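What follows is a short report on a single structure.
The values are calculated or read from the model by the stated rules, or taken from the named source; none is laboratory data. Predicted model, so just to flag it, every value in this text is computed and none were measured. A quick note on method: Cβ atoms are made from the backbone with ideal geometry, for glycine too, and the neighbour counts reach across all protein chains shown.
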Amino acid sequence: MIAAKRIIFGTKAMNTNKTSFRVGPAIMLAGLLVSVAAAFTSCGTMPTGKQMPVNDVMEKPGSTPIILREGDVVKVTFPGSPTLDTTQPIRRDGKLNLPLIGEVDASGLSPAALQDKLVQAYASQISSKEVIVQVASSSFPVYVTGAVLHPGKVTTDNPMTALEAVMEAGGFNYDTADMKAVKIDRNVNGVMQHYIIDLKSVLTGSGTNSFYLQPSDIIYVPERFTPF
């Protein structure tokens with residue numbers, strides 16, 4: 001017959017039918033650290049590449065394109081018909097007024113998507129099936145906070161990536177910054193979207209610096225987690 005066992009935590013004795021020993025504070029601390037690690041693991045990366053915190057879904061994008069918006073100054077070049085070249089701002093209604101074809105919706109498109117749209121629109125107007133769309137200027141603010149040297153508002157007059165914004169804020173605090181998990185908060189039509197991007201891979205050359213920011217994005221550089 002097996003004798004019953006009695007386990008008492010703290011500094012009291014743990015008794016069995018043959019021996020006794022003490023469970024000290026070190027073992028209790030180890031158990032606490034295991035619990036903390038398990039909690040962080042539960043909010044880790046899902047197999048789909050997304051992260052699942054308690055309230056929001058964190059996306060880990062490979063890249064984001066430049067998106068045209070009202071106020072951006074766009075340069076449209078026609079290599080085969082240079083007389084049609086034009087540089088103009090996107091109006092508040094999101095349109096451009098282009099030679100021969102008139103008004104075209106531009107806001108909300110990437111430059112590449114607008115190029116494709118103009119190639120189709122000008123198909124019967126020009127012999128060369130080539131149109132080049134470039135952003136001449138785009139002024140908007142973003143906000144950088146966390147483990148950077150000079151957190152605060154950054155204003156740009158050209159398309160800006162997340163890494164460029166961090167550098168404008170003085171760069172990372174390399175003693176504390178977790179460059180692998182930089183968070184971007186973005187308001188899209190009143191709905192907050194959250195992204196996690198790895199900027200360390202960009203700095204080491206194994207990633208691409210192609211996450212372009214949008215007006216009023218908030219870039220947060222977290223500190224590395226340490227148990228003590």
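Here are a few things to note about the model shown:
- When the criteria are applied in full, V188 meets the requirement of being of a type in the set (A, V, I, L, M) and closer than 19 Å to L68 by Cβ.
- Residues that are loosely packed, with under 13 Cβ neighbours inside 10 Å and in contact with a helix residue (DSSP H, G or I) (Cβ under 8 Å, 6 or more places away or on another chain) within segment 211-228 comprise F225, P227, listed in sequence order.
- V154 of a type in the set (A, V, I, L, M) and farther than 18 Å from R186 by Cβ: no
- Checked against the criterion of being at pLDDT below 95 and within 18 Å of the chain's Cα centre (by Cα), segment 146-156 has at least one qualifying residue.
- Among the residues of segment 191-225, those identified as among the polar types (S, T, N, Q) and over 17 Å from T64 (Cβ atoms) are T204, S206.
- For segment 79-197, the strands (runs of 3 or more DSSP E) that sit wholly inside it and include 1 or more residues that are free of Cβ contacts under 8 Å to residues at least 40 places away in the same chain and either surrounded by 18 or more Cβ atoms within 10 Å (Cβ to Cβ) or not acidic (D, E) (or both) are 86-89, 95-98, 102-105, 152-156, 182-188, 191-197.
- Top-ranked residue of segment 198-210 - restricted to ones that are farther than 21 Å from R224 by Cα and of a type outside the set (G, A, S), ranked as surrounded by the most Cβ atoms within 10 Å (Cβ to Cβ): N209
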